[in-house]
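Here the structure is laid out as structure tokens; the discussion comes afterwards.
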Amino acid sequence: MQSLEILSYSDDLAPAFERLNRTWIEAYFQVEPTDEALFRNPRAALIEPGGEVFFAKADGQIVGTCAAQSLGPAEWELAKLAVAPEFQGRGIARRLCETVIDHARAKGGRRILIETNSRLKPALNLYEQLGFTPYTPSTPSPFNRADVFLEKPL
């Protein structure tokens, strides 16, 4: 792998956001209506409410993505982390997560949350390494597959 470049959202990258996320979701779960809404229009769902979507570019192609979803002035969610299967295990997910964490902190975030699933062991290991710890959410997740809830103070 040549150098890794992190890019911010642009509308021409929306298909890569959907492709990368659909790949892992369909491998383990079913795509849910909330996923479809994000895929249909990431600009309206994530960017316009104050969030950002980052992309990892390696070897001339988009190989990963992760969203920083604004939940309010001090709270963010790290969401829709995906790396193409053939590029996994190369530190790309870590770099994307660190980019989202840095972005949330720079925007004044005091806490960042993750909703994930207990079947996703490599992701859970990464989140633990990055300092995320379990918490109990005050409202139900919009995702049926979410059974692990993590937080990290910023």
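Where a number appears in this text, it was derived from the coordinates with a stated rule and is not lab data. Predicted model only: the values in this text are computed from it and were never measured. In this analysis, Cβ positions are derived from the backbone assuming ideal geometry, glycine residues included, and neighbour counts consider all displayed protein chains.
Counting every other Cβ atom within 10 Å of each residue's Cβ, Glu77, Glu151, Glu32 order from fewest to most as Glu32, Glu151, Glu77.
Computed from phi, the 3J(HN,Hα) profile of segment 78-85 under the Karplus parametrisation 6.51, -1.76, 1.60 (θ = phi - 60°) reads 8, 9, 6, 6, 8, 10, 3, x Hz, with x in place of Gly and Pro. Within segment 20-77, the percentage of alpha carbon pairs spaced more than 20 angstrom apart rounds to 33%. Close amide H pairs (under 5 Å, H built 1.01 Å from N) link Leu81 with Ala67, residues at least 5 positions away or on another chain. With bins 10 Å wide beginning at 0, the percent of Cα pairs of segment 66-108 falling in each bin runs 30, 47, 19, 4. Less than 5 angstrom separates the built amide H of Gly51 from those of Ser70, all sequence-distant by 5 or more or on a different chain. Taking amide H as placed 1.01 Å from N in the peptide plane, the amide H of Leu154 sits under 5 Å from that of Arg111, Ile112, each at least 5 places away or on another chain.
Stokes-Einstein diffusion coefficient for segment 5-113 at 25 °C in a medium of 0.890 mPa s, Rh from the Kirkwood formula over Cα pairs: what value in µm²/s? Using the Kirkwood radius from Cα pairs, D works out to 177 µm²/s. Fewest-first ordering of Glu128, Glu86 by other beta carbons within 10 Å of each residue's beta carbon gives Glu86, Glu128.
Helices in the chain, meaning DSSP H runs of at least 4 residues, each add -39500 (n - 2.57). Divided by all residues, the mean residue ellipticity at 222 nm is -9500 deg cm²/dmol.
Taking θ as phi - 60° and the Karplus parameters 6.51, -1.76 and 1.60, the scalar couplings of segment 143-151 work out to 10, 4, 6, 6, 9, 10, 10, 10, 9 Hz in sequence order, x denoting glycine and proline. Placing unit charges on the Cβ atoms only, positive for Lys and Arg and negative for Asp and Glu, gives the chain a dipole magnitude near 320 debye about its Cα centre. The phi torsions of segment 123-137, fed into the Karplus equation with coefficients 6.51, -1.76 and 1.60 and a -60° offset, translate into couplings of 5, 4, 4, 4, 4, 5, 4, 7, x, 7, 10, x, 8, 9, x Hz, rounded to whole numbers, with Gly and Pro shown as x.
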